[in-house]
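This is the structure I want to talk about, given as C-alpha cells.
The values are calculated or read from the model by the stated rules, or taken from the named source; none is laboratory data. Predicted, not measured: the structure shown is a model, and the values here were computed from it. Here the Cβ positions follow ideal geometry from the backbone for every residue, glycine too, while neighbour counts run over all protein chains shown. What goes into the accessible areas is simple: the full protein's heavy atoms, side chains included, and nothing from ligands, DNA or RNA. Shrake-Rupley method; radii C 1.70, N 1.55, O 1.52, S 1.80 Å.
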Amino acid sequence: MKKLLFLFLCLAWGLSSGLAASKPNVVIVITDDQGYGDLGFNGNANIKTPNIDRLSEESIHLENYHVDPTCAPTRSALLTGRYSNRVGVWHTIQGRNFLRSREITMADIFADNGYVTGLFGKWHLGDNYPYRPEDRGFQHVVYHGAGGIAQAPDYWGNDYFDDTYIKNGKFERFEGFCTDVWFDEALTFIRKNAEAGKPFLAYISPNAPHGPFYCPSEYADIYTGKPGVPQAEFYGMITNIDDNMARLVKTIDEEGIRDNTILIYTTDNGTSAGTWGGNGFNAGMRGSKGSQYDGGHRVPFIMRWPSGNIPAGKKIDRLTVHMDILPTLIELCELDAPSIEFDGRSLKPLIYGDDPDWPDRTLIVESQRVVDPVKWRMSAVMTDRWRLIDGKALFDILADPGQQKDLSQQYPEVVAHLRAEYDLFWDDVSQEHDLTSYIVVGSKEAPVVALNSHDWLVEEVPWNQPYVMWGAFAKPAEWQLEVDRAGEYEISLRRWPVETDLAINDANGYTGFDFHTAHLNLEGDKQSKPISANASEVTFRTHLDKGILRFAPLFVGETEQSTPYYVYIAYEPEDGWQSAEGMNIPRFDPDYGRRPPQTMAQDTERYQKFAR
C-alpha cells in the first residue's frame, strides 16, 4: 500500500512539474523615456542598438502601439489592463502616482497561477504600503524609490553608480551602474527559477535613459561630438541597455528556455532627450515625452516567443495600447484570472492572423500631470485613422503622421463623433477622480513609514533631491493618511532624510532655514515644540485612532514656513525613536565611491527639464 501511495505521489508530482514546465516564462523589459525613434531598427542611423535590432527580427511588432505620455500612468495601465485615470494614476508625483490598492495587477495574476514574480528597477506606483511592488504581487523585488534615481523618496545621494536600493524590503548597496545592477539581479532570478523548473514573470524596468543623464564614460564617448546625436549620455545609456539585452538573451539561451519564453521589449513614453537641439530621430512624429501628439505616446513594442509560433518580423498596424498587454498575456499563457473589467483587449487574433472581425476602436490617452484632472487637458482621442487633440484639432494620421494639417474644419462630423467618444470616457473615469489613495500607517506590513515632499497633495512640490537641497517650494502642504491600528505613535519631522542626519536648519552648502518651531498639526492634535540648535528632527508622541486623517505638519521661522520635507511615523516603537534602525536605512556615506549630491545640483537644467 505504501509503495502504491509513493508511486501515486511521484506521478502526481511529475504531472504537476510537467504542467509547470509547460507554462511559458514571461520577461518584460520596459525602459524609461526612450522613444520610438531611439532605436536602430526603427530607422535611427546614429544610435547603436545591434542586439535589440537583432531581437526585433525574431519578433512581432506592434507598429501603432500607444502608451500614456508619461511613465507612472503607462506602468499602471500596462500592469492592470485599465485606463490610468481609472486606477488613480494620472501624474508622476503629488500622490497621484499611487496605484489604487483595489486593483489587480499582472503580478497578482501570474503569482496566483504558480509563477514566481520579480521586479527589477523602476516601480513608480507608490513607495509606501500598500502600494509597494511587494504589496502588488511581486515576490522578489530590487528597485529604487519614486520615478527616478535622486528623486526625493530615493536613498539620499544615489547617482546611478554604486547606489543603495531596496531589495525585498531592506536597503542594500550595490556596486556598478544602475542598469547593469537591474539586469544582474534579473539574470540571477531567471537562472535560479529556470534551473528549478519554475515558470516566472520577470519585469525588468531600467530607469535609463531617464534623466539626469549619467552613464559610464565608455558609452558616452561613443556619441560625444558626433553629428546627429542629441545628447551623448542619453544615447550612451540606450547602448548600455542594448548590451544588457545581449546578456539577457544569452542567459535565456544558456538556460535552455529560449523557445518557451515570451520576451517583450517596449518603453513607457515618447523620447525625452532624443530630439534635443533639432538633432536625433523621431520617425517623423510630432512631440516628445509628455506630449498629446503621437511623439509623446507612440512607442516601440516587440515580442518574441518561438514555441508560441509568433510570426517573426510580422508588423501589426492596427491601433493597440498598453492596456491590451495583460489581457493578451492571460490568453497566451492560458492563465486563470478573476473577472476584471479590462479597458484593453487580447491581441491574440491580430498576432496569429489579420482577424477581419477586429473592431474599429476609439482609445484615449492624456497627459494630466495635475493634482485634480481637467477635462480635455492634453488629450488625444485615437482611431486607426484619426487623432483628435485637446478636443479641437483633427489629424489624419495615415496621410499626415507628422500631425501638421488640422482637418477639423473639413471634417466636423468626425470631430463631433470623437468628442462624443471622449465624453463617454470622461463621464466614466471621472466618477472617481475625487478618490485619494491614502498612505497607510500603523500596519503590520510597514510599522515604520517614511513620508516625503514628493507626495505632498499640492501643486508644485519639491519632488527631487536637488529641490530639497535648495529648499525649493517651501510652503504649507499636507499628506492624507489612513491609520490601520489605533494606538501610540511617534512622529518625527525632518528637513533632511534620516540617512543624512543633517540638522533641520543646516544649509548643507545650499539653502538653509531659520525655523524655530515645529507644529504637528494632526486632526485633533496641535502639539508644538521648539527646534533646538543642531536638531536633526523634532519628535512628537501622540495617540491615533483608526481611520482617515489629514496631516499638515509645519516648520515655522521668522520669515518663512514649510511642511517638513521628510517625516517618519512609527507605531508603538520600542526603546525610543529608532527610525533609521527600524527601517533598515544605512547611513549616507559621501565617500562610498559615488559623486556627492553637489554634482547633481550642478546639473540643474538638464535634470529638471525632462526628469519627471
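Per the Debye formula with a single identical scatterer at each Cα and no solvent contribution, what log10 I(q)/I(0) holds for region 112-246 at q = 0.14 Å⁻¹?
For region 112-246 at q = 0.14 Å⁻¹, log10 I(q)/I(0) is -0.65.
Mind checking the dipole of the chain: about its Cα centre, +1 per Lys or Arg Cβ, -1 per Asp or Glu Cβ, Debye to the nearest 20?
Value, rounded to 20: 700 debye.
Which lysines, if any, have their Cα less than 22 Å from the Cα of K475, not counting same-chain residues under 8 positions apart?
Qualifying lysines at Cα under 22 Å: K526, K529.
Hey, what's the Cα Rg ratio for region 341-459 versus the globular rule of thumb, 2.2 N^0.38 Å?
Relative to the rule-of-thumb radius for its length, region 341-459 sits at 1.45.
Compare the Cα positions of Y131, Y293, M106 along the charge dipole of the chain (+1 at Cβ of Lys, Arg; -1 at Cβ of Asp, Glu; about the Cα centre) and return the one farthest towards the positive end.
M106
Here are a few candidate values for Cα extents along the principal axes in Å: (i) 104, 59, 42; (ii) 93, 74, 54; (iii) 84, 72, 51. Which one was actually calculated from the structure I just gave you?
Looking at Cα extents along the principal axes in Å for this model, the match is (iii).
I'd like to check one number: the per residue accessible area of region 390-471, probe 1.4 Å, reported in Å² as a whole number.
For region 390-471, the solvent-accessible area averages 44 Å² per residue.
Rank H516, A393, Q404 by how far each Cα sits towards the positive end of the charge dipole of region 386-518 (+1 on Lys, Arg Cβ; -1 on Asp, Glu Cβ) and give me just the farthest.
Going by the charge dipole, the pick is H516.
According to the square roots a ≥ b ≥ c of the eigenvalues of the Cα gyration tensor, what is the shape class of region 246-363, taking rounded for a/c under 1.5, prolate for a/b larger than b/c otherwise, and oblate for the remainder?
It is oblate, given that a/c is not under 1.5 and a/b is not larger than b/c.
I would also like to ask the following. For K375, give me every one of the lysines with a C-alpha distance below 17 angstrom, ignoring sequence neighbours fewer than eight places off in its own chain.
The reachable lysines, counting only those whose Cα sits under 17 Å from K375, are K392.
Leaving out ligands, DNA and RNA, what percent of the accessible area of the chain is carbon and sulfur, probe 1.4 Å?
Carbon plus sulfur share of accessible area: 49 percent.
Work out Dmax and Rg for region 48-128 from the C-alpha atoms and quote the Rg first, both in angstrom.
Answer for region 48-128, Rg first and Dmax second: 15.0, 42 Å.
For the chain, give the share of DSSP beta bridges that are antiparallel, in percent and rounded to the nearest 5; count only bridges with both residues there.
If we restrict to bridges inside the chain, about 70 percent are antiparallel.
A further question follows. Kindly point out which whole DSSP H helices in the chain project their C-alpha atoms 15 angstrom or further along the helix axis while averaging a Kyte-Doolittle hydropathy of -1.0 or above.
Sorted by number, the helices that extend far enough and score high enough are 2-22, 178-195, 232-254, 412-429.
If the only charges are +1 at each Lys and Arg Cβ and -1 at each Asp and Glu Cβ, what is the size of the charge dipole of region 370-488 around the Cα centre, to the nearest 20 debye?
360
Quick one: what does P(r) look like for region 202-243 with 5 Å bins over all Cα pairs, in whole %?
For region 202-243, the pair-distance distribution reads 6, 26, 32, 21, 9, 4, 2, 0.
Further question on the same structure: Could you pull out every one of the lysines with an alpha carbon less than 16 Å from that of K348, ignoring same-chain neighbours closer than 8 positions?
Output for K348: K314, K315.
Can you give the helix-only mean residue ellipticity at 222 nm for the chain, where every DSSP H stretch with n ≥ 4 adds -39500 (n - 2.57) and the sum goes over all residues, rounded to the nearest 500 deg cm²/dmol?
It comes out at -7500 deg cm²/dmol, rounded to the nearest 500.
Using all C-alpha to C-alpha distances in region 411-529, build P(r) with 10 Å bins and read off the rounded percent in each one.
10, 30, 28, 15, 11, 6, 1
Between their Cα atoms, which of K122/K167; K23/K192; K167/K250; K289/K405 are more than 19 Å away from each other?
Violating the 19 Å Cα-Cα cut-off are K167/K250; K289/K405.
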